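This report refers to the structure that appears directly beneath it.
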Amino acid sequence: MREKFYLTTAIAYTSSTPHIGNVYEAILADAICRFKRKQGYDVRFQTGTDEHGQKIGDKAKKLGMEPKPYVDKIAGELKGIYDMMNVSYDRFIRTTDEDHVKQVQAIFTKLYEQGDIYKGEYEGNYCVSCEAYVSEKDLVNGCCPDCGSKVELTKEECYFLKLKKYQDRLIEHINKHPEFIQPESRRNEMVNNFLKGDLPDLCVSRTSFKWGIQVPFDKKHVVYVWIDALANYITGLGYDANGNSNDLFNKYWPCDVHLIGKDVLRFHTIYWPIMLMALNLPLPKQVFGHPWILFGHDKMSKSKGNVIYTNELVDIYGVDAVRYYVLHEIPFAQDGSITYELLTDRYNADLANTLGNLVSRTMAMANKYFGGEVAYKGSHFEFDEQVFAELKQTKLQVNKYIDELKIGDAIEVIIKLLRRANKYIDETAPWVLARDEASRDALESVIYILLDIIRQAAILLESFIPSTSEKIYEGLSIIDSSFEALEFGYVKKFITKEALKLFQRIDFEEIKKTLEEKETKKASNEVKEEKPVQDLITIDEFDKIKLVVGKIVEAKKHPKADKLLVFKVDIGSEVRQIVSGIAKFYEPEALVGKKVVVVSNLAPVKLRGEVSEGMLLCAANADDSALELLNIDSLNPGDIVR
């Protein structure tokens, strides 16, 4: 019977569409699971969505929707993104799924009846953004230490889960199983910052909102996020709190790897294990707190305007290139960085040059010199033994790094092998061998060795860039792509098809131009209020718009967007910076000294990195081919326009 391997990820919160930093976890989990399947494991991979809570209820209400249709929409978007990125999950669980809801209620009841949950009252600080209570000592300038949002002082009746009861037992487990929390720095953080001190009991129900799973024996309470969301890892397998768990649960639990972001480590390494202890269930074998993807040096945040969405990257680079970048560039224990420039550089260096160019030129030589049929005719160069040794070593190193969850290191070892293959071409100079009929066997062996390196690299890379590996198998007529085939000479004769063009080089300047055009279009939409268009408005509605005379005292081109101009405008009481998309129609120096009409009470926005604190009014024709700033002749800055 095959050895089982069960991997779970943190489930994504359905408050908004996820960005690439959110999706990275699913890609990482998928790569691990794909590799384990190729190793012969019986793999189960579960991911999904967390769909209850005050934040979601508030967001749905703001959009004029009921919570369930709203989470259906976001969950559908996320599932679509995962499918686009070839995430090979076995179950995509939603916390609104009927089987999950039923078991959460059963778990809550069981813990209450055995005395691990009790009713009390909470009074303290609450962060709506994080859906978490925050102790006074953890506040940073009166704000949540995790997201920086203002906290609300809350007092309400709720149920609590006893944590202290299991604290010593959890510490003992961590000490006996140092692999339980990885990397080591995360383990030290949890033990030293939380478990060594006083561990307050955990609030596990709420009465101040209704969008959640109802506590079955107390109708005014809903189950709070921790028991609801965290329970999915067992409910998704068929766990039954009443003792009738199914074969799937009995087969796969405990999970072998529980993959989460480092920001939710406390919930998954303290609260979740204690819940499992209270349910008398074994703990996950390992909880891995992966690092973040930063935009440059900053954490991605919609409020900062530095979010990159997965589909935007895929439109430019393709699915496998995006998978490759995030898997290769995010270290084991430190945060990684993504920008369009960094991704382009890595794409060109590794995928276009090292892999793509090697595959294309090797297949072209096989077709040109041997009609696409290449066999091994023995070693003819001293370099061959070095290449054979590196082939063997690559397989061993990749397996070692995957076992340690060092995915980026595993990929780098494979790329290093491909770089060695490119060097081997320079060392053996096949084009020179082709001129001498006496060197025909040597030439055929050289091309065979190159094709076999490509074949073995494709097998090892399949877990990370599956579509690309499939193209290589097809191009080389490979039937067996198992790990058992990772032996030199396994293929007796290569039969190659037309040379593959896997990754074409990308010009970053072209990408910049495309991004600027998108940003300018987006910026013009952002400065318009997102309200339904109505034919008529009242005078009260019009009076909300504050129009004043402004004098342009400085004008310059936007440093990052060709279609935008950046102005300093004197509006009487102050000088405001305003960004406007009128560079097509005006040279900036010609506008200095002009008096214009300014919308002075527009909410500030950031346009391509520059803050805009108002709007300049213009008139334009129907197709926007002509545009004029509204000019004022005799009035002064700050005078009211009405």
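Scan region 147-161 and tell me whether some residue there is of a type in the set (Phe, Trp, Tyr), under 17 Å from Met275 (Cβ atoms) and in contact with a His (Cβ under 9 Å, 6 or more places away or on another chain). Checked region 147-161: at least one residue is of a type in the set (Phe, Trp, Tyr), under 17 Å from Met275 (Cβ atoms) and in contact with a His (Cβ under 9 Å, 6 or more places away or on another chain).
A count restricted to region 91-123 and to residues that are touching a Phe, Trp or Tyr at 6+ places or on another chain (Cβ under 9 Å) and at positive phi stands at 0. The set of residues in region 597-632 being of a type in the set (D, E, K, R) and farther than 19 Å from Lys546 by Cβ consists of Lys606, Arg608, Glu610, Asp623, Asp624, Glu628.
For beta carbons closer than 9 Å, sequence separation of 6+ or different chains, a first residue in region 140-166 that is without any contact (Cβ under 8 Å) to a residue 24 or more places away in the chain and a second that is of a type in the set (Asp, Glu), the qualifying pairs are Cys144/Asp138; Pro145/Asp138. For residues in region 225-247 being touching a residue at least 12 places away in the same chain (Cβ under 8 Å) and surrounded by fewer than 17 Cβ atoms within 10 Å (Cβ to Cβ), which is farthest from the chain's Cα centre (by Cα)? Result: Asn242. What do you reckon, is Ile447 out of contact with any strand residue (DSSP E or B) (no Cβ under 6 Å at 6 or more places or on another chain), crowded, with 18+ Cβ neighbours inside 10 Å and closer than 22 Å to Ala352 by Cα? When the stated conditions are applied, Ile447 does not pass them. Take Gly372 and decide whether it is surrounded by 15 or more Cβ atoms within 10 Å (Cβ to Cβ) and at pLDDT 95 or above. Against the criterion (surrounded by 15 or more Cβ atoms within 10 Å (Cβ to Cβ) and at pLDDT 95 or above), Gly372 qualifies.
Yes or no, residue by residue, for (1) farther than 29 Å from Pro331 by Cβ; (2) in contact with a strand residue (DSSP E or B) (Cβ under 8 Å, 6 or more places away or on another chain):
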position	(1), (2)
Tyr6	no, yes
Ile32	no, yes
Asp42	yes, yes
Thr47	no, yes
Gln54	yes, yes
Asp83	no, no
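The set of residues in region 186-199 that are surrounded by 13 or more Cβ atoms within 10 Å (Cβ to Cβ) and not aliphatic (A, V, I, L, M) comprises Arg186, Arg187, Glu189, Phe194.
Does Tyr159 satisfy the criteria of being hydroxyl-bearing (Ser, Thr, Tyr) and either outside any strand (DSSP E or B) or under 33 Å from the mean Cα position of the chain (by Cα) (or both)? When the stated conditions are applied, Tyr159 does not pass them. Please determine whether any residue of region 111-118 is touching a Ser or Thr at 6+ places or on another chain (Cβ under 7 Å), closer than 24 Å to Arg266 by Cα, at pLDDT 95 or above and crowded, with 17+ Cβ neighbours inside 10 Å. No, because not a single residue in region 111-118 is touching a Ser or Thr at 6+ places or on another chain (Cβ under 7 Å), closer than 24 Å to Arg266 by Cα, at pLDDT 95 or above and crowded, with 17+ Cβ neighbours inside 10 Å. Scanning region 85-99 for residues that are outside any loop (DSSP other than H, G, I, E, B) and touching a residue at least 40 places away in the same chain (Cβ under 8 Å) yields Arg91, Phe92, Ile93, Arg94, Asp99.
The listed residues are Glu516, Glu529, Glu541, and the only one of them that is at pLDDT 80 or above and over 30 Å from Arg361 (Cβ atoms) turns out to be Glu516. Check region 557-566 and report whether any residue there is more than 39 Å from the chain's Cα centre (by Cα) and either surrounded by 15 or more Cβ atoms within 10 Å (Cβ to Cβ) or at pLDDT below 90 (or both). No; the residues of region 557-566 include none that is more than 39 Å from the chain's Cα centre (by Cα) and either surrounded by 15 or more Cβ atoms within 10 Å (Cβ to Cβ) or at pLDDT below 90 (or both).
Of all residues in region 579-615, those satisfying the criterion of being touching a residue at least 40 places away in the same chain (Cβ under 8 Å), more than 30 Å from Phe295 (Cβ to Cβ) and part of a loop (DSSP other than H, G, I, E, B) are Phe585, Tyr586, Val592, Gly593, Lys594, Ser600, Asn601. Confirm whether Ala626 is of a type outside the set (S, T, N, Q) and more than 24 Å from Phe542 (Cα to Cα). Answer is yes for this residue. Screening region 250-314 for strands (runs of 3 or more DSSP E) wholly inside it with 2 or more residues that are within 30 Å of Gly115 (Cα to Cα) returns the ranges 257-261. Is it the case that region 453-467 has a residue that's crowded, with 21+ Cβ neighbours inside 10 Å, modelled with pLDDT of 95 or more and closer than 17 Å to Gly378 by Cα? Yes - at least one qualifying residue is present in region 453-467. Could you look through region 314-334, keep only residues that are surrounded by fewer than 16 Cβ atoms within 10 Å (Cβ to Cβ) and in contact (Cβ under 8 Å) with a residue 24 or more places away in the chain, and pick out the one that is nearest to Lys471 (Cα to Cα)? By that ranking, first place goes to Pro331. The lone criterion from (1) assigned to a loop (DSSP other than H, G, I, E, B); (2) more than 30 Å from Glu341 (Cα to Cα) left unmet by Lys560 is number (2).
The values are calculated or read from the model by the stated rules, or taken from the named source; none is laboratory data. Only a predicted model underlies this, so the values are computations on that prediction, with no experimental measurement involved. So basically every Cβ, Gly included, is an ideal-geometry build from the backbone, and we count neighbours across all protein chains shown.
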